[in-house]
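Below is one structure, written out as structure tokens, with a few remarks after it.
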Amino acid sequence: MLDSLKAHNAPPALLGFGIAEPAQVKEAINAGAAGAISGSAVVKVIETHLHDDAALLDNMRTFISQMKAATR
């Protein structure tokens, strides 16, 4: 499907729904996606550390760094 979108000059495709781990991001990129969306995974980090700002920031920073590293 991604090849078909590219062939028709569609905007860059992003994959989402269930992307919660770096390995899934890497799979999406390797499949030809321009990026991945991890909405529910981000919400889970927020919910887990809702009342501890320092832990929230630390865990969010770690999560985002790992997900971003998977795009390289």
- Query: In the range 22-40, how many are without any contact (Cβ under 8 Å) to a residue 24 or more places away in the chain and either among the charged types (D, E, K, R) or touching an Asp or Glu at 6+ places or on another chain (Cβ under 8 Å) (or both)?
  - Reply: 1
- Note on the structure: Matching residues in the range 14-54 (surrounded by 13 or more Cβ atoms within 10 Å (Cβ to Cβ) and more than 17 Å from residue 68 (Cα to Cα)) number 2
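Here, each number is a calculation from the coordinates, and none is a lab measurement. Only a predicted model underlies this, so the values are computations on that prediction, with no experimental measurement involved. Glycine also receives a Cβ, built like all others from the backbone with ideal geometry; neighbour counts cover every protein chain displayed.
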